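See below for the structure under consideration.
The values are calculated or read from the model by the stated rules, or taken from the named source; none is laboratory data. Quick caveat, the model's predicted, so the values are computed rather than measured. Positions of Cβ are backbone-derived with ideal geometry, glycine not excepted, and every protein chain shown enters the neighbour counts.
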There are 2 protein chains.
Amino acid sequence: MASTESNPALSYLKSHQQDYIKELTEFLKIPSISALPSHRIDVRNAAEWLAQRLRQAGVSRVRVDDTPGHPIVFGEAITDPAKPTVLVYGHYDVQPVDPLDQWTNPPFSPAIRDNILYARGASDDKGQVYMQLIAAEAWLKTAGLPVNLKFLFEGEEEIGSTHLSQYITAHQPDLTADLAVISDTPMFAAGVPAVCYGLRGLAALEIEISGPAQDLHSGVFGGSVANPAQVLSTILAAFHDDQGRVQVPGFYDGVDPLSEKERQNFSSLPFDEQDFLQQTGSPKLFGEAGFSTLERVWARPTLEINGMWSGFIGEGRKTIIPQKANAKISCRLVPHQNPARVLDNVMQFIQENCPDTVRLKIKRQEADPGTLTPLDHFATQAAVKAIEKIWRQPAAFIRMGGSIPVVVTFDQILKIPTVLLGFALPDENFHAPNEHFHLENFDKGSQTVATLWSLLENMDA
Amino acid sequence: MASTESNPALSYLKSHQQDYIKELTEFLKIPSISALPSHRIDVRNAAEWLAQRLRQAGVSRVRVDDTPGHPIVFGEAITDPAKPTVLVYGHYDVQPVDPLDQWTNPPFSPAIRDNILYARGASDDKGQVYMQLIAAEAWLKTAGLPVNLKFLFEGEEEIGSTHLSQYITAHQPDLTADLAVISDTPMFAAGVPAVCYGLRGLAALEIEISGPAQDLHSGVFGGSVANPAQVLSTILAAFHDDQGRVQVPGFYDGVDPLSEKERQNFSSLPFDEQDFLQQTGSPKLFGEAGFSTLERVWARPTLEINGMWSGFIGEGRKTIIPQKANAKISCRLVPHQNPARVLDNVMQFIQENCPDTVRLKIKRQEADPGTLTPLDHFATQAAVKAIEKIWRQPAAFIRMGGSIPVVVTFDQILKIPTVLLGFALPDENFHAPNEHFHLENFDKGSQTVATLWSLLENMDA
């Protein structure tokens, strides 16, 4: 533990370990469920608790800023304007707790079993927010922070971050930074700490095909007019070939081919296809030909039907030609695809595949690009080194198939890259009963973050 | 009106015309809505009214038979066991009346405007049941019936004839006949009385495609497993080519090619494609290549998606890979297709088009054949002659695209053909507000039926 000895922040974290765990359980007792109006005051209490605790840690200019929804906690610790500034983002709101009877301990009565802390919010994301807080405190109470830190903790992440981008736009001067760090993602697996450098984007639309003025009797009219459900099926079926490749012309424009290096990196990860398959519950894995499963979910764009409906969907039978048929479609996009162009292409494809025997309406929805923080970015490399120092093993470089809208906001409004450095585990029941957080990862996580700040000190050098 | 003079039944009908219309309005005042439990007693009252009125007409052995649902009225008038026996079927129950505020006169307060009788049940089917009753009475009160008649009037037609085939099976000896006549169909158009000689059958099934164990996050898993909605769409899309022809192998097995004579007959009917299109509200007519619209709906089998659903169908967006996708399918069949075989073929087609990346369940449902009463059948010819006598114009020969299950029951259990001889008009709002019946057609209809009985007297000769 040579590195620990030489780093005052790490020593501080070690010596306060038990107190911190105790204090985290206090934070977790506040039922800050953002989705439920009955918990509105609890959400505010969690914000106030966090603000107070930031002040106590030595963070200055701490504010609880109102929004039309739940408040946002802001704070900053400016050591030296000449040093790099990192914006730390997290959220203090949590998911609802149903079904309650499946919890071993009540969700807001934290309990520790086998060095695992069980409570709603333990890993998503209060535990990781608190981990960031104590990593800063460990420096503030000892040698002082090696970098400037700004904190942005929201209370609406679990309900779609409704007011966040509006807030960021309005408070842009406060939020100026060189880099964002988010601890709201999992490690690749138990014992495999990871830096996530890529996320997919999202583009969505809705299709409505209408034919007759109302549902028609399929005896009286069957055979004489186009059936909207049939037409919709034909359009949806045309989206993919039987090898899983999207058939929309131009869909793959801008998609970076996977480099040999990245493919090797993906394939070197301890990824178990059988485990993954079991997680899905599907009979078989299936995806775009020519790519591995990780490549498909991390680095290839997809087009999915999220929902569709037409005609009679109740019990029993109603022999009709439905009046209309609808589908909700969304595409996961990879970096360098143009989201607006993707939507244009998908819309054109639908139009071209739609016969004049029906009427077509397309409702275009928002589109966010995928994001990528270059592997060779100073901050990515620093995060890797911090992991190696604390975990004494190489860091995994991973991407994620999902989208984190705030990363796009940071990119588009604040013009800063984001490093995703999370220490939850993928199976810690984030939105389910018995959410938990391995305290070993909580400890190592706070040490990794504290180490990262010292490694970033010379980022601009 | 030479024929009227020489036929005592027609004279009787004419001389009682005003009384009959008055009495029909009494029948229509009984709100015999079979679908609503609150009208249970009204349905029974209508049955009792009808039974009493049959007795008064001179019909013997009149019974109101209980079923687990609404009662069935049976009666018979046996003139001479050596003469042909006709089973007359109709229903005395009616549809609900919502939306009530769209009625000009209240649905159970009949009103006559411009010689049109407005009331719920006026044309569907109380008016036509009563028309049958008085046609029999006109003979019973004068020269006696030229044929034997049996009456079978049910009170559950509008709720799917739940207990009818069970009743027919149980009372088979009572219902022995040479022929059934049903007046519950429309004429081809105003001024175009018709004999309907063919109906389509029905075969239905439900498909369920399931993939993941639950809805999956389309970011985390998108691209790695088959999407059940996508698979279902592909199967549904494969059912037809772009010319509207069903692609299921064997689907058209047994389908009679349309004879030149029948095609000429169809095309000679005063059918207005623009009117028909307007009825549908669709932007364009569309159907199997090589056939006219009437041929498509009357004499060609179809396969329709009646409903489908998958994933998230609420407001907004939920980026998931749905756990499952469902569809309800039904085929309209024409005579000489084997319904069970059609279902076999459709099931096999689905199975062959379903990849092993998902799980498939098919729920096979009942299948009824199409029915056809030969054009050269004595009864068909007699109906045509009766129309010509009363209407002084040729009868139209028509088929119908829908199914009338009781015709299949008569065919399969009683082994008798059915002649469909109805005098409603297609636009008389059968299941809608302001249902009505043109009294001119009511008069001519009762005369046509009375004439038919005399023409059938020598059927077996």
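Let's see how each residue does on (1) within 11 Å of another protein chain (Cβ to nearest Cβ); (2) part of a loop (DSSP other than H, G, I, E, B):
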| residue | (1), (2) |
| --- | --- |
| B:Thr357 | yes, yes |
| B:Lys361 | no, no |
| B:Arg364 | no, no |
| B:Asp376 | no, yes |
| B:Gln381 | no, no |
| B:Val384 | no, no |
| B:Ile398 | no, no |
| B:Ser403 | yes, yes |
| B:Asp411 | no, no |
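Can you find even one residue in the stretch A:314-335 that is more than 8 Å from every other protein chain (Cβ to nearest Cβ), outside any loop (DSSP other than H, G, I, E, B), within 26 Å of A:Glu262 (Cβ to Cβ) and in contact with a Ser or Thr (Cβ under 9 Å, 6 or more places away or on another chain)?
Yes, the stretch A:314-335 contains at least one residue that is more than 8 Å from every other protein chain (Cβ to nearest Cβ), outside any loop (DSSP other than H, G, I, E, B), within 26 Å of A:Glu262 (Cβ to Cβ) and in contact with a Ser or Thr (Cβ under 9 Å, 6 or more places away or on another chain).
Can B:Pro394 be described as surrounded by fewer than 22 Cβ atoms within 10 Å (Cβ to Cβ) and either in contact with a His (Cβ under 7 Å, 6 or more places away or on another chain) or not acidic (Asp, Glu) (or both)?
Yes: the conditions hold for B:Pro394.
Table: residues versus (1) closer than 30 Å to A:Pro301 by Cβ; (2) small (Gly, Ala, Ser).
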| site | (1), (2) |
| --- | --- |
| B:Ala213 | yes, yes |
| B:Ser224 | yes, yes |
| B:Pro228 | yes, no |
| B:Thr234 | yes, no |
| B:Lys261 | no, no |
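Taking strands (runs of 3 or more DSSP E) that do not extend beyond the stretch A:18-111, which have at least 3 residues that are touching a residue at least 24 places away in the same chain (Cβ under 8 Å)?
A:72-77, A:85-91
Would it be correct to say that B:Val449 is among the aliphatic types (A, V, I, L, M), surrounded by fewer than 21 Cβ atoms within 10 Å (Cβ to Cβ) and touching a residue at least 24 places away in the same chain (Cβ under 8 Å)?
Criteria not met by B:Val449.
Out of the residues in the stretch A:201-211 that are in contact with a strand residue (DSSP E or B) (Cβ under 6 Å, 6 or more places away or on another chain) and facing chain B (nearest Cβ under 7 Å), state the one that is nearest to A:Tyr252 (Cα to Cα).
Looking at residues that are in contact with a strand residue (DSSP E or B) (Cβ under 6 Å, 6 or more places away or on another chain) and facing chain B (nearest Cβ under 7 Å), I get A:Leu202.
Take the stretch B:147-186 and flag every residue that is in contact with a Phe, Trp or Tyr (Cβ under 7 Å, 6 or more places away or on another chain) and either among the charged types (D, E, K, R) or modelled with pLDDT under 95 (or both).
B:Asp174
Could you tell me whether any residue of the stretch B:240-256 is in contact (Cβ under 8 Å) with a residue 12 or more places away in the chain and at the interface with chain A (Cβ under 7 Å from one of its Cβ atoms)?
yes
Counting only residues that are more than 33 Å from the chain's Cα centre (by Cα), within 8 Å of another protein chain (Cβ to nearest Cβ) and not in a strand (DSSP E or B), how many does the stretch B:212-233 have?
15
Going through B:Glu158, B:Glu137 one at a time, which residue ends up being assigned by TED's automatic domain parsing to the domain that holds B:Arg392, under 15 Å from B:Ser403 (Cα atoms) and in a helix (DSSP H, G or I)?
Sole residue among the options that is assigned by TED's automatic domain parsing to the domain that holds B:Arg392, under 15 Å from B:Ser403 (Cα atoms) and in a helix (DSSP H, G or I): B:Glu158.
Residue under question is B:Val192, and the condition is that it be away from every other protein chain (no Cβ under 11 Å) and touching a strand residue (DSSP E or B) at 6+ places or on another chain (Cβ under 8 Å); does it hold?
Judged against the criteria, B:Val192 is a match.
Given the structure, is A:Thr142 β-branched (Val, Ile, Thr), touching a strand residue (DSSP E or B) at 6+ places or on another chain (Cβ under 6 Å) and assigned by TED's automatic domain parsing to the domain that holds A:Leu439?
Here the answer is no, as A:Thr142 does not meet what is asked.
Quick one: A:Arg120 ticks every box in (1) buried (at least 22 other Cβ atoms within 10 Å of the Cβ); (2) within 30 Å of A:Asp80 (Cβ to Cβ) except a single one, so which number is it?
Evaluating A:Arg120 over (1) buried (at least 22 other Cβ atoms within 10 Å of the Cβ); (2) within 30 Å of A:Asp80 (Cβ to Cβ) leaves (2) as the failure.
Can you tell me how many residues within the stretch A:264-274 are in a helix (DSSP H, G or I) and in contact with a helix residue (DSSP H, G or I) (Cβ under 7 Å, 6 or more places away or on another chain)?
Counting residues in the stretch A:264-274 that are in a helix (DSSP H, G or I) and in contact with a helix residue (DSSP H, G or I) (Cβ under 7 Å, 6 or more places away or on another chain) gives 2.
Looking at (1) in contact (Cβ under 8 Å) with a residue 40 or more places away in the chain; (2) at the interface with chain A (Cβ under 8 Å from one of its Cβ atoms), find the lone condition where B:Trp298 falls short.
Condition not satisfied by B:Trp298: (2).
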